[in-house]
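Structure first, then comments.
The values are calculated or read from the model by the stated rules, or taken from the named source; none is laboratory data. Bear in mind the structure is a predicted one, so any value in this text is a computation, not a measurement. A quick note on method: Cβ atoms are made from the backbone with ideal geometry, for glycine too, and the neighbour counts reach across all protein chains shown. Just the protein is used for accessible areas: all its heavy atoms, side chains included, with ligands, DNA and RNA removed. Shrake-Rupley method; radii C 1.70, N 1.55, O 1.52, S 1.80 Å.
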4 protein chains.
Amino acid sequence: MPAGKIDLNADVGESFGVYTLGMDAELMPLISSANIACGFHAGDPAVMRRTVELARRAGTAVGAHPGLPDLVGFGRRAMEIGLQEIRDITAYQIGALQAVAAAQGERLQHVKPHGALYNMAVKKPEIWDAIAEVVSAIDDRLILFALAGPDRGTIEEIGRRRGIRVAFELFADRAYNADGSLVARSRPGAVIHDPAVVADKVLRFAREGRVATIEGGDIALRAETICVHGDNPEAVALVRALRETLLQAGIEIRRPAEFL
Amino acid sequence: MPAGKIDLNADVGESFGVYTLGMDAELMPLISSANIACGFHAGDPAVMRRTVELARRAGTAVGAHPGLPDLVGFGRRAMEIGLQEIRDITAYQIGALQAVAAAQGERLQHVKPHGALYNMAVKKPEIWDAIAEVVSAIDDRLILFALAGPDRGTIEEIGRRRGIRVAFELFADRAYNADGSLVARSRPGAVIHDPAVVADKVLRFAREGRVATIEGGDIALRAETICVHGDNPEAVALVRALRETLLQAGIEIRRPAEFL
Amino acid sequence: MPAGKIDLNADVGESFGVYTLGMDAELMPLISSANIACGFHAGDPAVMRRTVELARRAGTAVGAHPGLPDLVGFGRRAMEIGLQEIRDITAYQIGALQAVAAAQGERLQHVKPHGALYNMAVKKPEIWDAIAEVVSAIDDRLILFALAGPDRGTIEEIGRRRGIRVAFELFADRAYNADGSLVARSRPGAVIHDPAVVADKVLRFAREGRVATIEGGDIALRAETICVHGDNPEAVALVRALRETLLQAGIEIRRPAEFL
Amino acid sequence: MPAGKIDLNADVGESFGVYTLGMDAELMPLISSANIACGFHAGDPAVMRRTVELARRAGTAVGAHPGLPDLVGFGRRAMEIGLQEIRDITAYQIGALQAVAAAQGERLQHVKPHGALYNMAVKKPEIWDAIAEVVSAIDDRLILFALAGPDRGTIEEIGRRRGIRVAFELFADRAYNADGSLVARSRPGAVIHDPAVVADKVLRFAREGRVATIEGGDIALRAETICVHGDNPEAVALVRALRETLLQAGIEIRRPAEFL
C-alpha cells in the first residue's frame, strides 16, 4: 500500500430473483471497489445490471466475484473441481459481468473469487494461478484480489508471470495468526465483532502496516485493499465509522486501479 | 448476399455436463459460422471452451447463441419475459462466451438468439431491437443474425439505428410462404427432409436469389447466411452434400464478417 | 363453508439457501393451512424441512405449493408447458414435500398450485383437471385448493370425477368483479391495502357469504378458505387483526380437512 | 444371498430434457432392480415418469437413486455437505420419485445413493446412517442398497437399528482388494472390461460366494445384488450375456424384495 491510500472492497450484488440480500444501496458509496456476484453462487443478470448501476452512480469500481456453481449453498461449500473447470467457470462469470457492465458503458477493474473458491485457492496456490491465467487472457488490465499473508510472495510471482497486477486484501473483522494467515473461523475470537476494535485495527494497519495477532503479538502485513461487509445495518454502520476514522486520519480511500 | 458468397451457420455447443448433443466435430469444418450455446438452454463453461476450440481449429467463426433460462426445456418454450430482462440475459450470455473465447485468443463474430427467444423476436420486433441494443453496446463489430423475410426492412432499420450489421438467414430445410415467412412447423410440408430438394433449393437461392414457396410459386428472398443442422449423421451428410453442391457451382462459403 | 368455520391459508417456505423470504415463524400460528413451496419456484429441501417443523409446532396443516420450474422468476412467469409436463412437475413436487414431511412424521393435507401455474389453471380448466388427476393418484385424501368464483361448478365436477375434495379460496386482499372473478391486478383498486377494509370484507363474507364488488354491488360467493399473506410485518399484523375479528365474531378458524 | 437367487441392479433414468443417456429400453428387461435418477444429478420429472413406465412394463422393481445437487457434474463431484442436508436432499428425491411412481400406480422397492454421495457414504458410515434414518421414516418397507465389503457389519447394524432391510451390492466390472473393498478407480486394473472375465467373476460369486482379488487371491464376499451398466451397446450386451450365464447355471434373477 502506498503511504496514505487504501481501497475498501465488499461483496455486493448477492440478491437473486425476488430475494434481496445485503444493503448495496447504502454500502456502495462507502466503498471504493465492489465485488459483484456473477450468477453461480448468487446474483442474476438483472441483479448484476442494477448493481453495476449502483456502483456507477456511486463512483465505485466494479469487479467480478466468481463463485462455485452452487446457488443453494451460496458458493460456500468446497467441491471437487479441476483446474481446467475453475478456468472455465471463472472466465464465464467474468465475461458475463463484463458484458452486463459494457451494456451501460462500464469496464471491470478487478476479479475476486468468492467463498469456497477463494478458500480453495488459499489452500492450493495452483488455483490462484489458474484464475490469474484466465484473468490475464481476458483482459490484462484486470487486477486480481488475493489474500494478504504468508503466500504473498508466491502470488506476486504468479501475477508477474501472468502479467497482471494483484491487490492483496486484509479482512477488517478477522483475527490474524502470527504468520499473517487468518485465524480459522472455527476458533474462538476468529471474527471481531466490536466496531471500535475493527476501526483501531484497520487504522493501525493503514498507518503503520502492522496488525495485532490473536496470540497478543504484532506483525507487519502488506495489503492494498480491506475487505468489509454490508449484510445488515450494523455492518454498514461499521463501514461508515471505519471510513470516517480513516478519512480523519488523512488516509485516502481509493480504488487500487489508481495506485497499483 | 454479394454475388457468389454465402455463409453456412449451425447451432453447436449444445452438449451439457455428461450429455452429448450434436456432431460438432464433424459439422464444424463444413460451416463458416458456429452459433454456440451459452449455458442457459444448453452448453456449460467447459462445453463452450471445447466448442470454441473446435471452431478455432476448423477456421469457423464463432458466435453467441443466447437462449431463455430453461435448460430442461432446451430454451424452446415461450416464457413471459420483459424487454429489460431479455437485454440482461442476452448481455450475460454474450459476455460469458466472449470471455471463454478470449481465454483462447478468439473473438466473437456474431450473435443469434436461440429457439423460443428467436421465435419471440420474429413475432415482436421490439425484441430484435432490445437484442440489437445490447449487442451494439457490448461490441458494435458483432453481427446480429435475424430471420430473412417480410420483416427485413424493419430489422435493417434497427441495425442502422443501433450501428450494427445484420446478416439475414434462410433456413435450408424449411418451406416458405408467399410473403417470405416460414411455413409454421405445425403445417404439413413445413420441414423439407429430402437432401436433394434442400440442395436444389439452396443452390437456386444462391444463384438467383429466389426460393420456391409451399403454394407452388416462386419469390425473391435476400439472405446472407443459411442455417443448417448437425444433430445426427444424416443431417451432417446433408450439410456435406449441400456444401459440395455450392462449391461446385462456384459459390464461396464465407463467414459474413468477410463480406457484409 | 359450513356455518361458523373458515380456513386461513398462506404461502410459506419461500426462502431459498441463504435467502430469507416471508415471516413464517410469526405467521404460522395465525393460519390453519400452510402452502409450502417445493423447490421449483422457491424453497429447498432444508427450507421445506424447517417450514414443516414450524407448521407442526404451530398445529397448522401442511400442503404442497408446486410451481413452475423458474426460480429466478419465482414461478410468476407464464410458460408454454403441456398438460403431461404439468402432471409430472406437480407429482414430483408433491412427493418431495410428502417425504420431507414424512421424515418428521407429518402428512400433507392439501395441494395448491403457485403463481403462474395457478393463474394458468384459472384460465384453462384442463390444468385443474391435470393437477386433480395427479393429486388423486398420489393420495386421494389430499384436498385441492382452487379459486372460488364463476368456475366453481366446473372444478367441483373435476373433483367429483377425480375423487378428491376441493377447497375454494377467497383472496382477502383482492377486489372482485360482479361475476365473482378476481379484478385483474393491472386495474386500479385490484388489491386492497387498508386492513380495516380487508377485515370488514372477510367478516361479511364469513357471516353472510357475500362480498362487495368493485362496481359497488354485492354478490354471493362460496369459499372454504381465505388466502392471506405474510411477506412483511404489516401483512402479518393484518392477518393477526383479521384473525381476532373472526374469532370475536364467533367464527372458528379450522383446517378444511376438519370440515370438508 | 439365498442359494440360487440374485438381483441385478442398474442406474437408469439418467436422461435430462432433450438429452438422452443410457439404453434404458434395452436394459430394463434384463435387470430386476432399476435405480432411477431423481432430478438432482440427472433425470427430470418427465424422464422419471417415462422410466417408471419402462420398468413397469418390464416387470422391473423401481428404486430411488438420489444424488448431490450437481447436474453439470452428474453428481460425481464430492461436496462439503452436512448430515442434515444429506437427510433433506435424500428425503426430497425419494419422495419425488414415489409420487411420480404413484401417479401410475407403482411403489418403490429400494433406495441407492448415487455417485459422490455413495462414495462419501462408503468413506463415512454416518452417511449410511443418515440415509437409513430418512428411508426408514419415509417407508420402512424400502430396502437400502449399500456396498458389500468390509463395512457390511456396520451397515447391517445401522439397518437393524433403523428398522430397514439392506441389500449389499457387488460391482460386476470392478476389481476387489483382499479386504473386500473396491480397488480405487485410479489404479490400473480397477475396472474389468472383458465381458468373459466379468461373467466368470459373477458366476463364481453366485455359485460359491467368492471373488478373486486384484492381488491374485480369493475372498468370500456376501452380496444380494449385482450392479451392472447400460450406458452403451457393449454394456447392454455384457448384461445380456451375464444374465444368460446366470440363468443357464440355474441362478434366478430376482428383485431383493422377494428374497430379503
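Using per-residue counts of other Cβ atoms within 10 Å, averaged over each peptide, order A:179-192, D:160-173, C:94-107 from highest down.
Details: A:179-192: 13.1, D:160-173: 19.9, C:94-107: 24.1.
Ranking, from highest mean packing down: C:94-107, D:160-173, A:179-192.
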Residue of B with Cβ nearest the axis relating B to C, plus distance in whole Å? B:MET79, 3
Along Cα-to-Cβ, 7 Å out, sits the label point; list in nm, shortest first, how far the one on C:GLY153 is from those in the other copies. 5.2, 7.3, 8.7
If the label for C:ARG207 sits 7 angstrom from Cα along the Cα-to-Cβ line, what are its distances to the same label in every other copy, in nm to one decimal, shortest first? 7.2, 8.7, 8.8
How far apart, in nm, are two points set 7 Å out from the Cα along the Cα-to-Cβ line at A:ASN232 and at D:ARG161? 3.6 nm
Assuming R0 = 60 Å, can you tell me the calculated FRET efficiency for the pair D:ALA25 and C:ASP194, based on Cβ-Cβ distance, to the nearest 0.05? 0.50
Quick check on chain A: helices-only [θ] at 222 nm, where DSSP H runs of length 4 and up contribute -39,500 (n - 2.57) each and the sum goes over total residues. Nearest 500, please. -12500 deg cm²/dmol
For labels at C:PHE259 and A:ARG50 in the simple 7 Å Cα→Cβ model, what's the distance in nm? 4.0 nm
To the nearest 100 Å², how much accessible surface do chains B and C hide from each other in total, with a 1.4 Å probe? 800 Å²
Return the whole-Å distance between the Cα centroid of the range A:175-226 and the Cα centroid of the range D:191-231. 58 Å
Expected integer from the mean partner chain Cβ neighbour count at 10 Å over A:78-85 is 5
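Ignoring any ligand, DNA or RNA, what whole percent of the accessible area of the range B:5-258 comes from carbon and sulfur when the probe is 1.4 angstrom?
Carbon plus sulfur share of accessible area: 49 percent.
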Other protein chain Cβ atoms within 10 Å, averaged over every residue that makes up D:128-134: 1
Seen from all sides and averaged, what is the projected area of the convex hull of the Cα atoms in the range A:13-73, in nm²? 3.7 nm²
For the protein assembly as shown, size of Cβ-based charge dipole, Lys and Arg +1, Asp and Glu -1, in debye: 0 debye
Neighbours of B:PRO233 by Cβ distance under 14 Å: Lys/Arg at +1, Asp/Glu at -1, summed charge -3
Go through the range A:15-45 and flag every residue whose accessible area shrinks by 40 Å² or more with all protein chains in place compared to the isolated chain (probe 1.4 Å). A:PHE16, A:VAL18, A:TYR19, A:PRO45
How large is the accessible surface per residue of the protein assembly as shown, computed with a 1.4 Å probe and reported in Å² as a whole number? 37 Å²
Quotient of Cα Rg and 2.2 N^0.38 Å for the protein assembly as shown, N being how many residues it contains: 1.00
For the range C:111-228, diffusion coefficient by Stokes-Einstein and Kirkwood Rh (Cα), 4 °C, 1.567 mPa s, µm²/s: 88 µm²/s
With +1 on each Lys and Arg Cβ and -1 on each Asp and Glu Cβ, and nothing else charged, work out how big the dipole of the range B:5-258 is about its Cα centre, in Debye to the nearest 20. 340 debye
How far apart, in nanometres, would the label points at D:ILE219 and C:GLN104 be if each is projected 7 angstrom from Cα along the Cα-to-Cβ direction? 4.2 nm
Over the range A:1-129, with a single point scatterer placed on each C-alpha, what log10 of the ratio I(q)/I(0) does the Debye formula yield at q = 0.13 1/Å? -0.50
Shortest first and in nm to one decimal, what separations exist between B:GLN104 and its copies in the other chains, measuring from label points 7 Å along the Cα-to-beta-carbon line? 3.3, 4.0, 4.9
For the range C:5-258, convex hull of alpha carbons as volume per residue, Å³: 117 Å³
Taking the convex hull of the Cα atoms, report for the range D:61-105 its projected area averaged over all directions, in nm². 3.8 nm²
